[in-house]
Amino acid sequence: MKTGIIGLPQVGKTSLFRILTKAHLSDHAYANPREAHVGVAKVPDDRLDRLAALFNPKKLTHASVEYVDVGAIGQEALKESSYIGHLRNVDALAHVVRAFEDASIPHAGPIDPLRDIKNVEFDLMVSDLGQIEKRQERVEKDLKKMRSAELEHEFDLLKRAKAHLETEKPLREMEMTPEDKKRFRGFMFLSEKPILYVVNIGESSELGKELEQAAGRYKLTDVASHPNAAATAICGKVEAELAEMSDADAAEFLASYGLRESGLTRLIRTTYHLLGLISFFTAGDDECRAWTIPVQTRAVNAAGAIHSDLEKHFIRAETIRWDQLLEEGSEANARAHGKLRLEGKDYIVQDGDVMHIRHSG
Ligand SMILES: Nc1nc2c(ncn2[C@@H]2O[C@H](COP(=O)(O)OP(=O)(O)OP(=O)(O)O)[C@@H](O)[C@H]2O)c(=O)[nH]1
Ligand SMILES: [Mg+2]
């Protein structure tokens, strides 16, 4: 699952990318400045950390999400096929908007996150509209040659999407049946992707409060409440300093700003939710690990996230919620007290389940 970091020029996209992905840069990163940078961020998870404290495993593996840093967005950039190709290939967008004041860093006009959001949204919609119109012409031609129920469906859907975009609403707000969604999948429309608005605010002695109030202060509460959208705030400057510190120093530093967790932690978690992802855990002396699955995943498919053999030879999943396992203190205790559930193939895995897959392979 990939999230593309987008935004106007000089708003702090690359700075954010660097702190998000820390030492986990992929080989390709920075090899060519014209290329998009791809990096992996660890998904912080207190539940997993606490399980690890109980099991003391040899290895601890967090879930991860990928971020892609592309150049500044704009109508021109969106005409470049390599630029748009990178963006189409992501599953969600993190739109960085500038709210920090700094006279030495140019910005188009005064600080106005809502205006910037609307401008970028407009560019995304124009790009999708162009693609829809091209496809409409093609489908129209084909329909003249031969009638086809599927093509007619597609034609209607394209017409509806065009009308929707012309009311200046992104495709992520359009109601679609699962079949329609499938029809659209191949197009990878930009305005259809879930979006997280990341407000990059300036330093302040009351950062905790400022971060909490940022969305409201910049009038983003409304856009952030739209379907498949969310907002979060960070202070890039402070996050950059935090990234250089040891965990203990970072905790002290956060506390001095009245913060319990870094803005980055919240940002990564919000991205994870926006992508419709949850985690289940495997826990043992060898490894404690978080596995990423979409919400509503059946146990048998979740087993497949670990290994395809486990999916093929799945029998049952011994399951317990992470906090219940902590309460019991060990798997043996949990079993003795009847707290380990035996779940079958069709069990819908819940966020925070600890699972042991029994298989016949
Ligand atoms: N004051 C201040 N400056 C920042 C902050 N974040 C980034 N900058 C500065 O803004 C400039 C641009 O930062 P980048 O992270 O390169 O921004 P970008 O969005 O990737 O820029 P382009 O890729 O050129 O569009 C740099 O000089 C940063 O040091 C911030 O939170 N506060
Ligand atoms: Mg950049």
Exercise. Can you list residues whose amide H is under 5 Å from residue 233's amide H, if they're 5+ apart or on another chain and H is modeled 1.01 Å from N?
Worked result: 199
Problem set entry | Whole-Hz ³J(HN,Hα) from phi, Karplus 6.51 cos²θ - 1.76 cosθ + 1.60, for the stretch 63-80, glycine and proline x | 6, 9, 10, 9, 10, 10, 9, 10, x, 4, 8, x, 4, 5, 4, 6, 8, 7
Problem set entry | Residue-count net charge about residue 279 - beta-carbon cut-off 15 Å; Lys, Arg +1, Asp, Glu -1 | -1
For this session: Pairs to check: 13/169; 13/237; 2/58; 42/219; 79/181; 182/312. Give those whose C-alpha atoms are more than 19 Å from each other in this structure.
Result: 13/169; 2/58; 42/219; 79/181; 182/312
Problem set entry | Alpha-carbon centroid distance for the pair the stretch 85-139 / the stretch 219-277, whole angstrom | 22 Å
For this session: Using a Förster distance of 45 angstrom, determine the FRET efficiency expected from the C-beta separation of residue 253 and residue 305, and round it to 0.05.
Result: 0.80
For this session: Run the 1.4 Å probe and let me know the accessible area of residue 126, rounded to the nearest 10 Å².
Result: 60 Å²
Problem set entry | Highest to lowest packing among 312-325, 48-61, scored as the average C-beta count within 10 Å | 312-325, 48-61
For this session: Rounded to whole Hz and in sequence order, give me ³J(HN,Hα) for the stretch 213-228 from the Karplus expression 6.51 cos²θ - 1.76 cosθ + 1.60, θ = phi - 60°, writing x for Gly and Pro.
Result: 8, 4, 4, x, 4, 9, 6, 9, 4, 5, 4, 6, 9, 5, x, 6
For this session: Determine the order of 222, 180 by accessible area, beginning with the largest, at a probe radius of 1.4 Å.
Result: 222, 180
Problem set entry | Förster radius 41 Å - calculated FRET efficiency between residue 225 and residue 350 (Cβ-Cβ, nearest 0.05) | 0.95
Exercise. Among the trypsin sites (Lys or Arg not before Pro) within the stretch 250-297, which fall in a DSSP loop and have no more than 13 other Cβ atoms within 10 Å of their own Cβ?
Worked result: 260
Exercise. Given H placed 1.01 Å from N in the peptide plane, which residues other than close sequence neighbours of residue 343 have an amide H under 5 Å from its amide H?
Worked result: 317, 318, 319
Exercise. In the Gaussian network model of the chain, springs joining C-alpha atoms below 10 Å, which of 89, 333, 119 carries the largest mean-square fluctuation?
Worked result: 333
For this session: Determine the relative contact order of the chain: mean sequence separation of Cα pairs under 8 Å and six or more apart, normalised by residue count, in whole percent.
Result: 19 percent
Exercise. Which of the trypsin sites (Lys or Arg not before Pro) across the stretch 134-171 are loop residues per DSSP, with 12 or fewer other Cβ within 10 Å?
Worked result: 147
For this session: Could you list which residues have their amide H under 5 Å from that of residue 354, counting only those 5 or more apart in sequence or on another chain, with H placed in the peptide plane?
Result: 281, 320, 321, 322
For this session: Apply the Karplus parameterisation 6.51 cos²θ - 1.76 cosθ + 1.60, with θ equal to phi minus 60°, to every residue of the stretch 242-256 and state each ³J(HN,Hα) to the nearest whole Hz, in sequence, with x for glycine and proline.
Result: 4, 4, 8, 9, 6, 4, 5, 4, 4, 4, 5, 4, 4, 4, 5
Exercise. Can you list the GluC sites (Glu not before Pro) in the stretch 99-198 that are in a DSSP coil and have 10 or fewer other beta carbons within 10 angstrom?
Worked result: 168, 175
Exercise. Where a Cα-Cα gap under 12 Å defines reach, which aspartates and glutamates qualify for residue 59, not counting those fewer than 8 residues away within the same chain?
Worked result: 49, 285, 286, 287
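The values are calculated or read from the model by the stated rules, or taken from the named source; none is laboratory data. Predicted model only: the values in this text are computed from it and were never measured. Every residue, glycine as well, gets a Cβ built from its backbone with ideal geometry; the counts of neighbours run over all protein chains shown. Quick note on the areas: whole protein, heavy atoms, side chains included, nothing else; ligands and nucleic acids left out. Shrake-Rupley method; radii C 1.70, N 1.55, O 1.52, S 1.80 Å.
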